[in-house]
Structure formats: C-alpha cells, structure tokens
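All remarks here apply to the structure that follows.
What follows is calculated from the coordinates using simple rules that are stated; it is not laboratory data. Bear in mind that the values here come from a model prediction, so they are computed numbers and not experimental data. Neighbour counts are summed over all protein chains in view; Cβ atoms, including those assigned to glycine, are modelled from backbone coordinates with ideal geometry.
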Amino acid sequence: MEPLRYGFVGAGTIMNFHAERLSQRGDVVLAAVADVAEATLNRAADRFDIPGRYTDYRTMIEKEDLNVLVVCVPNAYHAEATLAGLRAGCHVLCEKPPALNAAQAEEMAAAAAQRNLRLMYGLNMRFMGEVETARRYLESGRFGNVYHGTVQMWRRRGIPGLGSWFTTKAVSGGGALIDVGVHILDLTHYLMGQPKPVAVSAVTHARFGINPETYNYLSMWGTPVPGGPFDVDDLAAAFIRFENGASLVIQVSWAANTSDGSEIRVLGDKGGAEISLGGGVRILTEDNGFISDITPQYRPQDAYAAQHAHFIECIRDPEKPLRTCGRQGVVLQHMLDAIYRSAATGAETRIEIAD
Ligand SMILES: NC(=O)c1ccc[n+]([C@@H]2O[C@H](COP(=O)([O-])OP(=O)(O)OC[C@H]3O[C@@H](n4cnc5c(N)ncnc54)[C@H](O)[C@@H]3O)[C@@H](O)[C@H]2O)c1
C-alpha cells in the first residue's frame, strides 16, 4: 500500500505534536508544510525533514498532490483551510474547535460528505484511556439511561498566548470555552451518548486577561504579545438541555482563584462514571444487590498517536466509522455558539439542528 502524503497548514505548537507522532509511522510521508511565518515554517520543516515548504497553503495544496491535510492554524482559518483541502481531494484532520461558528462547521461537513472524504476534528481527548474505558461501559448499557452529566476543568493561571490570537475574539472565536471547554464539552456529550441539544443558559466572565499588566502566572502555552488584545472569556459556565430530557452542566476556566483540576461525571439510572482526566475512571453502580464501585484497569496511551492511527484506519477503510466526524463537529459547534449567545443576551437560547 502506498504511503499517505501528509501536508500541514500551520507549523506552530500543535503541528509539532502531530508531526512528532506521524514521523514515527512507516505508512505516511510528511510531504509539505505551510506557515505564514517563515522562521516557524523552517524550524518545523528542518526538525521533521519535510521537503515541501510554503508560505501560502493554497500553493502547497495545488503543488503537492497530498492525500491528507492536517489543519493546525488559528481557529478563524480552520474552515477556509479545511474547505481548500477537501476541494482538492484531501482527507482532513482539522484541529479543534471545528470552526468559528456552526454555519462554517455545516459547510465543512457538507463538503466532506459530498466528496466522500474523511473529515475528522482534533478532539484527541476522546482517545485517552479513561475516556475510551468509560465509553465502553456506556456502549455496553451499564449506565442504563444517561440523564445528566457534569464537567469542570479549572485552570488557576492558564491563559494561553495572552495578547496573541488566542485572546483575540475575531481570530479565536472566544476564550476558555472555545479553547479548552470544547474538549470537555465534547467528552461529556460523547460519554452521555451524544443526545441532541435543544437549549442553553450560560454566563461568561473575563476577570484576569483584561488586566495583562497584573496577570501573574507560572507558565503559558504559546507566546504572550505585550499590549495585544484580550476580548474573550476566561471563565464560562453553562447548563444545556437535550431533546431526550437529559442535562449537562459545564464549568471551565483559563484563570480563576481555585485549584487546577478536571472531572467528568456521567449519571445513568443503572450506573455512572467519574473520570479524572489523566487520572482514572471509576464506575459507580450496583452489583449483586450491593452498591459497588468498579475501577477498571486500562493501558495508558498517547491520545495524539491513537487519533492518527484511527484516522489512517478510517481513510484506508471507508466503511469504518470515524470517531469525531464532521457531523459531530456541527453539533458541538452549535453548543458552543449557543453558550456564547446565551451569555451575551443573558437569557436561555434555543438550538435548532436539522436532522
Ligand atoms: N488538540 C489540542 O489539544 C490542541 C492543543 C493546542 C492547540 N490546538 C489547536 O491548534 C490550532 C493551532 O494552535 P497552536 O497552539 O499550534 O497555535 P500557534 O500559534 O503555535 O500556531 C499557529 C501557526 O499558524 C500560523 N498561521 C496563522 N495563520 C496562518 C495562515 N493563514 N496560513 C498558514 N499559517 C498560518 C502561525 O504563523 C503559527 O505558526 C488552534 O486551532 C488550537 O485551538 C489544539
């Protein structure tokens, strides 16, 4: 079987994560990379020995005869780069969040479906051992009917790239919610069996990033840009209602005066799960008439590597269902949009998703 030719749009931090995993596989070729910043482009291309180097990703797509495009640019460019890749016949792995809004995510999903191409989102946390384990319990019916989920991910001081594109709404689409909330919202929804969302009530806050000169932190993802904008949320909280009567509560921060930590709880009428991301999973149920806990043992795995292995299997086998497909990206993006809409209006907002 011919190796798949990969191209990357964006050569920043997350591209390096992907290229590191892909460069260890024997069934792919890292053919080309594009980035508007030449120094970043050359650094990544040198590190992974990538021959094709471009400052314009459209030229790369045109010239390189790629099979797969990995979209690693800021959120505002996810849709245009993904669509350019799909129109050129590439399968696309697009980083999270799917896009800036649900209309873009709809266009991306439709473009992939029309061309029978694979579009997957970089929701790599679905490939964590604890998440896969909990999902197996859900699928085997051990939770019964799942009617509620809660998730929280607290960062005490974890604003990424303060003043950069991360904190500029026009380029990022938002702050804590769309950056990291997207992962935990997706995971909780996935572990609840992906019910259809119908309404959201939410609030967002911005208390730390708005004072960059006094923001006190120990480490930062990405590079801060002194004097750059901060017009996004650093905390979000939301209550989501689903068509089947289920509900979900999410709280997420980039910065808050509380301890770091994350936890997902999924509650069904026969059993529930408590997942500590990077920690473990506990199943709470009844067994033989006893209230019982199960602590499944599972093999830890590199979620990014597992994500690539799955995507490649799905490209090779068109019948294999994708774990995070374009359609799921649409639903996820609708929930994100509704959270920001409700926070902006101060009222519950409805979500309309065509079947
Ligand atoms: N899955 C995860 O856990 C995870 C983690 C971090 C980031 N991400 C996502 O990955 C994406 C990139 O994040 P990052 O941390 O690597 O950011 P980054 O700023 O380190 O890298 C982005 C790169 O894109 C380049 N770029 C910007 N516009 C471009 C364009 N039009 N054409 C080509 N290159 C362009 C920039 O020069 C930069 O080098 C974001 O969407 C982010 O949400 C996902």
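A few notes on this one:
- Pairs meeting the criteria (first residue in region 195-215 and farther than 30 Å from Asn244 by Cα, second residue among the acidic types (Asp, Glu), beta carbons under 6 Å, at least 6 apart or on different chains) are Ala206/Asp233; Ala206/Asp234; Phe208/Asp234; Gly209/Asp234.
- Boolean, Thr204 is farther than 23 Å from Ser342 by Cβ, more than 16 Å from the ligand (Cβ to nearest atom) and not in a loop (DSSP other than H, G, I, E, B): no
- Residue satisfying condition, being in a loop (DSSP other than H, G, I, E, B), in contact (Cβ under 8 Å) with a residue 24 or more places away in the chain, surrounded by 17 or more Cβ atoms within 10 Å (Cβ to Cβ) and not hydrophobic (A, V, I, L, M, F, W, C), within set Arg323, Arg327, Arg299, Arg265: Arg323
- Hits in region 330-355 (condition: of a type in the set (A, V, I, L, M), part of a helix (DSSP H, G or I) and surrounded by fewer than 15 Cβ atoms within 10 Å (Cβ to Cβ)): Ala344
- Filter result for Leu248 (closer than 25 Å to Val198 by Cα and either outside any strand (DSSP E or B) or in contact with a Lys or Arg (Cβ under 8 Å, 6 or more places away or on another chain) (or both)): no
- Here Gly181 fits the description: closer than 30 Å to Arg142 by Cβ, crowded, with 22+ Cβ neighbours inside 10 Å and in contact (Cβ under 8 Å) with a residue 12 or more places away in the chain.
- One residue alone among Glu38, Glu107 is of a type in the set (Asp, Glu), free of Cβ contacts under 8 Å to residues at least 60 places away in the same chain, farther than 19 Å from Gln307 by Cβ and within 14 Å of the ligand (Cβ to nearest atom), and that residue is Glu38.
- Tally of residues being surrounded by fewer than 22 Cβ atoms within 10 Å (Cβ to Cβ) and either touching a residue at least 24 places away in the same chain (Cβ under 8 Å) or in contact with a strand residue (DSSP E or B) (Cβ under 8 Å, 6 or more places away or on another chain) (or both) across region 80-95: 5
- Considering Lys63, Lys96, the condition of being more than 23 Å from Thr324 (Cα to Cα), basic (Lys, Arg) and either more than 9 Å from the ligand (Cβ to nearest atom) or under 20 Å from the mean Cα position of the chain (by Cα) (or both) is satisfied by Lys63 alone.
- Residue that is farthest from the ligand (Cβ to nearest atom), among those in region 207-240 that are surrounded by 20 or more Cβ atoms within 10 Å (Cβ to Cβ) and more than 14 Å from Ile178 (Cα to Cα): Ile240
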